[in-house]
1. Just a yes or no: is a residue in segment 253-262 in contact with a Lys or Arg (Cβ under 9 Å, 6 or more places away or on another chain) and in contact (Cβ under 8 Å) with a residue 60 or more places away in the chain?
2. Going by what's in this entry, would Ile68 be described as under 16 Å from Asp161 (Cβ atoms) and open to solvent by less than 30 Å² (accessible area, probe 1.4 Å)?
3. Going through Ala63, Ala84, Ala67, Ala8 one at a time, which residue ends up being more than 22 Å from Gln240 (Cβ to Cβ) and either among the charged types (D, E, K, R) or in contact (Cβ under 8 Å) with a residue 24 or more places away in the chain (or both)?
4. Where the second residue is more than 10 Å from the ligand (Cβ to nearest atom) and of a type in the set (Phe, Trp, Tyr) and the first is touching a residue at least 40 places away in the same chain (Cβ under 8 Å) and open to solvent by 40 Å² or more (accessible area, probe 1.4 Å) and lies in segment 24-50, which pairs have Cβ atoms under 7 Å and are six or more apart or on separate chains?
5. Considering only residues that are buried (at least 24 other Cβ atoms within 10 Å of the Cβ), assigned to a helix (DSSP H, G or I) and of a type in the set (S, T, N, Q), which ones fall in segment 71-121?
6. Tally the residues that are among the aliphatic types (A, V, I, L, M) and either near the ligand (Cβ under 10 Å from one of its atoms) or assigned to a strand (DSSP E or B) (or both), restricting the search to segment 236-263.
7. Output the number of residues of segment 138-159 satisfying the condition of being closer than 15 Å to Asn269 by Cα, open to solvent by less than 10 Å² (accessible area, probe 1.4 Å) and more than 10 Å from the ligand (Cβ to nearest atom).
Amino acid sequence: MPATDSSARGATIIGWGSYLPPKVLTNHDLERMVDTSDEWIVERSGIRERHVDGTTIGMSIEAGRAAIQSSGLSPADIDALIIATTTPDKQWGNAATVQDALGMRCGVFEINAACSGFVYSLVAAHGLIAMGATNVLVIGADSLSKITDWNDRNTAVLFGDGAGAVVLQSCDGPGELVAWDLDADGSAGPILWADVGGYIQMEGKEVFRRAVRIMVDSANKVLHHAGVSGDDIALLVPHQANIRIIQAACDRLGVDMDRTAVVLDRMGNTSAASIPLALDDALTKGRIAPGDLVLLVGFGGGMT
Ligand code: COA
């Protein structure tokens, strides 16, 4: 069911926040670790630096706290917590630890849809609201630095750590999440994967090709379900993997780069955190006004 059911209770984003761990690793730092150059990394990916050595739980607590504070609610008002992550610190109980640290009492769970995890979680949160929840905290957090092989130049230059969060609240009427599309293609799993306890592995070129195609496909589906076109989008907030992937997708969608949120130069690819980090940056800079249509679109391992 791709378009939001207009008879279901609607939801709106009322708060947001983010967190980046303090340690910054620049491209020049990487030059001392693997056979690469700042010039190569910037030209091929658009990334200049990334934050590392974060923990998924620690970053989630900070981003979650900021989002609750910006919503004007207190932790006791939150009815459910969802954390999107592909790098949990513990086998289970990550979201529960965050809940306890923030002083919440509510149902909690984790969603792993790799770099698409935040958009999957937003849709799941909307489902909880349709079933009666009032306030849901959604956090996207990943500490990819712990599953990155820092001796492998194919992957080491791309990834970083961070967390972003939003508070979703029920509202009268259809709400502000007007359409959605979730999809996955398990046959493409072998081009981007990590074994439990292992490092990120990928076929970069093939991931690149598919990423552009599936972002454009999914974005077009959602535009169609919403009954709008690329021209109507005030801001595109794409998964932050590679500036060339974003540019290629924008070209095909007819959305110019002025209407696109980009933070990857400062953060690299932070997986499930990348979309809420870019959204937080755009909201904080006043790039989104009430009533603006915003299109969030991600892709990730799985492939989701
Ligand atoms: N520094 C310098 N040279 C590098 C390098 C690095 N960090 N990594 C690879 N190279 C070399 C390659 O070995 C290759 O050398 P060769 O021509 O002698 O064989 C050359 O640079 C070109 O590599 P190529 O793989 O063709 O580069 P590319 O333009 O495809 O860019 C990626 C590589 C990984 C940046 C790009 O394919 C990409 O971003 N893919 C998507 C990855 C992704 O987003 N993953 C996460 C998805 S959620």
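The values are calculated or read from the model by the stated rules, or taken from the named source; none is laboratory data. Please read these numbers as outputs of a predicted model, since none were measured by experiment. Glycine gets a Cβ as well: all are built from the backbone with ideal geometry, and neighbour counts include every protein chain shown. The area values use the complete protein model at the heavy-atom level, side chains included, leaving out ligands, DNA and RNA. Shrake-Rupley method; radii C 1.70, N 1.55, O 1.52, S 1.80 Å.
1. no
2. Values: under 16 Å from Asp161 (Cβ atoms): no; open to solvent by less than 30 Å² (accessible area, probe 1.4 Å): yes.
It is false that Ile68 is under 16 Å from Asp161 (Cβ atoms) and open to solvent by less than 30 Å² (accessible area, probe 1.4 Å).
3. On the way: Ala63 fails: more than 22 Å from Gln240 (Cβ to Cβ); Ala84 fails: more than 22 Å from Gln240 (Cβ to Cβ); Ala67 fails: more than 22 Å from Gln240 (Cβ to Cβ).
Just one listed residue meets the conditions, Ala8.
4. What qualifies is Met33/Trp150.
5. If the condition is that a residue be buried (at least 24 other Cβ atoms within 10 Å of the Cβ), assigned to a helix (DSSP H, G or I) and of a type in the set (S, T, N, Q), then Gln99, Ser116, Ser121 are the ones that fit.
6. Within segment 236-263, the first condition is being among the aliphatic types (A, V, I, L, M), and the residues that meet it are 236-237, 241, 243, 245-246, 248-249, 253, 255, 257, 261-263.
If we keep only those that are either near the ligand (Cβ under 10 Å from one of its atoms) or assigned to a strand (DSSP E or B) (or both) too, we end up with 236-237, 241, 243, 245.
Qualifying residue count, segment 236-263: 5.
7. 5
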